[in-house]
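Student: Here you go, one structure.
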Amino acid sequence: MTYIIDKIKSISRTQIFALILIIIGLAIMIPKGRGMLDFYKEVQYAKEHNFKAGNLSPDLLRPWMTIRYISVAYAVPQKYLFDAANIQPRKENSMIALNRLNSQMGLGVANGHPVLMDLIRAAIIKYRANPVVTGLIERKVTDWMSVQYIANSTGIPAETIFQDLGIPMDGNAYLPLNALSTTVNYSGGPRKLVLDIQKIVDSHAAQP
């Protein structure tokens, strides 16, 4: 024990400082690494099942998906999903995986998967049978949204949005705006595309 204490005392302040920096660096990089892996999984799953074509089967839901990811993939307003599954409409609830959110809500497991998945699946089916204009609960257009998501949330037809933007709708309605900007080589990039769509939304909201 004395030997170990002597060894610790022999460590210089510079070595201690370097060790602290390494620990801080790992604390920063590990979550970022996990985030990159999650993003890769989301993108690959979307490509594999051709999400950009729309009209996805509710059976494609997975426990690792977030409410935000689902809302864009299925073009169902987040507010509708929050209300249907009795989820508090907070950003953190939008950004965590269904299995974690299910655990936080204490909903348990049925048939080998989180109960929340069944609630979300039922909400998607119900929404498709009777679409509801909820408004953008996010308050503004952001680059993770798709034009179809914005259209379903605001009640502005997707065709109208694409027409006002001057870009083709075919194959583009379900792409997140950052991806859509790259696909159509939008002048000004994703930020300009978001701003232009926000103007369209604001313009329609101002109409009597």
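Student: All but one of (1) in contact (Cβ under 8 Å) with a residue 40 or more places away in the chain; (2) surrounded by 16 or more Cβ atoms within 10 Å (Cβ to Cβ) hold for residue 198; state the number of the condition that does not hold.
Tutor: So the condition that residue 198 fails would be (2).
Student: Would you check which residues across segment 110-127 are in contact (Cβ under 8 Å) with a residue 24 or more places away in the chain and either among the charged types (D, E, K, R) or surrounded by 15 or more Cβ atoms within 10 Å (Cβ to Cβ) (or both) and list them?
Tutor: Result: 113, 114, 116, 117, 119, 120, 121, 123, 124, 126, 127.
Student: Only one of these is touching an Asp or Glu at 6+ places or on another chain (Cβ under 6 Å), of a type outside the set (Phe, Trp, Tyr), free of Cβ contacts under 8 Å to residues at least 60 places away in the same chain and crowded, with 19+ Cβ neighbours inside 10 Å: 177, 193. Name it.
Tutor: Answer to the selection: 177.
Student: State all residues of segment 113-140 that are farther than 14 Å from residue 71 by Cβ, part of a loop (DSSP other than H, G, I, E, B) and within 17 Å of the chain's Cα centre (by Cα); if no residue qualifies, say none.
Tutor: 139, 140
Student: Quick check: is even one residue across segment 159-180 of a type in the set (Gly, Ala, Ser), in a helix (DSSP H, G or I) and within 25 Å of residue 93 (Cα to Cα)?
Tutor: The answer is yes, given that some residue of segment 159-180 is of a type in the set (Gly, Ala, Ser), in a helix (DSSP H, G or I) and within 25 Å of residue 93 (Cα to Cα).
Student: Report, by residue number, each residue of segment 64-109 that is in contact (Cβ under 8 Å) with a residue 40 or more places away in the chain, part of a helix (DSSP H, G or I) and touching a strand residue (DSSP E or B) at 6+ places or on another chain (Cβ under 8 Å).
Tutor: Passing the criteria: only 72.
Every number here is computed from the coordinates shown, using simple stated rules; none is lab data. Predicted, not measured: the structure shown is a model, and the values here were computed from it. Cβ: placed from backbone, ideal geometry, glycine included. Neighbour counts: every protein chain shown.
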